[in-house]
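A.B. asks: The structure is given below, and queries will be raised subsequently.
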Amino acid sequence: MSNEMNRHKDGKLWIHVELIPSWYDRIINDDLDNYTFRHEYIEVLRTYGGVKGNTVSRDILVTDDLPLYALNYLIQRAFGFLNCHLHKFNLPEKEVLRLTESKKEKWEQLVGTLFRSPLMSEEDIFWADDYKEGSIKNWLRSKYTDPQPSKAYGESYVSCQRDIKELKEGRFRQHYEPASYEMLPRLFELDPFSLLERLSIGDVFEIASEFHYTYDFGDDWTFRITSPGPVEQCVSQGLLTENKFLKCVEKMKKTHRPVMLAHDGVMLIEDVGGINGFCDFLELSHRDPPDDESAMALFWASGQEWKENFGSDINWL
């Protein structure tokens, strides 16, 4: 299902990015399509995390030509991360199965047009990570402000198909050729189904109605990205007032970067231990009366540049 109908005539797109249980947690619960956290997590997020719904989320006005590599930095800024860990974009498993028909040969054809090569070099993976000093927040912002085309040359179709040829005919042949489609994720250090980051948000929404972003493969933060409807409907659905929406549109024109329409929940924290550790932190930091442990937790979080109070939506990004 495509979100083509949700695009504005000038390329504006309303996206909803929400925190969901990790793939591993959903596998354990034997329900990959269940994106709702356990009741105890939801209660903590509502009580101490500023969440009104069931999870931490952001609604953002973007252009449909925003490349995924820039969307990575946008999500980092929107949720309070500092770009300290690896990340990837994926389609839901059912969409991958539909597109590949569960066939290795079909996957090979899609490497370079949809999927990254699992042999891609570190130079290409980290081509845009050029932070040296100064404000990390300003650096992140620069990455999704009028972003340049991707320079990950290893994502080109020619380079990716050269890697496929290497798998089939080169030094990896003895391991690759006997492997079934189901064995592909076990063959490589990199996820063979991660999306090319030169693709734009609009490109992905032409293929599927949602896609996922995973950050920090230890904490395993996972986000679901959808387009809830045409841009103008964010007003009719009560997300924000018409006056605020017009200000967001004007801000986007002036700055040439995405604008946050609304948020639900506080910022997340680097290296806190995923959703379980984050909920533990929220409970600990809100002890009443506060004690040494709660003070130490807040001191540690401040070192991760975490702030409980959220600034103005329109100016945050």
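The values are calculated or read from the model by the stated rules, or taken from the named source; none is laboratory data. All of these numbers come straight from a predicted model, not from anything done at the bench. Every residue, glycine as well, gets a Cβ built from its backbone with ideal geometry; the counts of neighbours run over all protein chains shown.
A.B. asks: Which count do you get for residues in the stretch 164-205 that are of a type in the set (Asp, Glu) and part of a loop (DSSP other than H, G, I, E, B)?
C.D. replies: Start the filter on the stretch 164-205 by keeping residues that are of a type in the set (Asp, Glu), which leaves 166, 169, 177, 182, 189, 191, 197, 203.
If we keep only those that are part of a loop (DSSP other than H, G, I, E, B) as well, we get 177, 189, 191, 197.
Counting residues in the stretch 164-205 that are of a type in the set (Asp, Glu) and part of a loop (DSSP other than H, G, I, E, B) gives 4.
A.B. asks: The conditions are (1) within 16 Å of the chain's Cα centre (by Cα); (2) within 17 Å of ARG198 (Cα to Cα), and SER117 fails exactly one of them. Which is it?
C.D. replies: (1)
A.B. asks: Starting from the stretch 197-223, keep only residues that are on the phi > 0 side of the Ramachandran plot, then list their pairs with residues that are crowded, with 17+ Cβ neighbours inside 10 Å and in a loop (DSSP other than H, G, I, E, B) whose Cβ atoms are within a distance under 9 Å, requiring at least 6 positions of separation or different chains.
C.D. replies: ASP216/PHE81; ASP216/GLU270; ASP220/SER22
A.B. asks: Among the residues of the stretch 282-314, which ones are part of a helix (DSSP H, G or I) and in contact (Cβ under 8 Å) with a residue 40 or more places away in the chain?
C.D. replies: Those that are part of a helix (DSSP H, G or I) and in contact (Cβ under 8 Å) with a residue 40 or more places away in the chain: LEU282, GLU283, SER285, ASP313, ILE314.
A.B. asks: Of the residues that make up the stretch 34-45, is at least one without any contact (Cβ under 8 Å) to a residue 12 or more places away in the chain and outside any loop (DSSP other than H, G, I, E, B)?
C.D. replies: Looking through the stretch 34-45, at least one residue is without any contact (Cβ under 8 Å) to a residue 12 or more places away in the chain and outside any loop (DSSP other than H, G, I, E, B).
A.B. asks: Looking at the stretch 180-192, can you tell me whether even one residue there is in contact with a strand residue (DSSP E or B) (Cβ under 8 Å, 6 or more places away or on another chain) and modelled with pLDDT of 95 or more? I'd like the intermediate steps shown before the answer.
C.D. replies: Just the residues of the stretch 180-192 that are in contact with a strand residue (DSSP E or B) (Cβ under 8 Å, 6 or more places away or on another chain), to begin with: 191-192.
Of the ones still in play, those that are also modelled with pLDDT of 95 or more are 191-192.
Yes: the stretch 180-192 contains one or more residues that are in contact with a strand residue (DSSP E or B) (Cβ under 8 Å, 6 or more places away or on another chain) and modelled with pLDDT of 95 or more.
A.B. asks: Moving on to the next point. Return the only residue of LYS94, LYS52, LYS88 being surrounded by 13 or more Cβ atoms within 10 Å (Cβ to Cβ), among the basic types (Lys, Arg) and touching a residue at least 60 places away in the same chain (Cβ under 8 Å). Let's see the steps before the verdict.
C.D. replies: Values: LYS94 fails: surrounded by 13 or more Cβ atoms within 10 Å (Cβ to Cβ); LYS52 fails: surrounded by 13 or more Cβ atoms within 10 Å (Cβ to Cβ).
None of the other options fit; the residue is LYS88.
A.B. asks: Can I ask one more? Taking the condition among the hydrophobic types (A, V, I, L, M, F, W, C), within 21 Å of ASP10 (Cα to Cα) and in a helix (DSSP H, G or I), does CYS279 pass?
C.D. replies: no
A.B. asks: So is PRO149 of a type outside the set (A, V, I, L, M), part of a loop (DSSP other than H, G, I, E, B) and either at pLDDT 95 or above or closer than 19 Å to TRP14 by Cα (or both) or not?
C.D. replies: In short, no.
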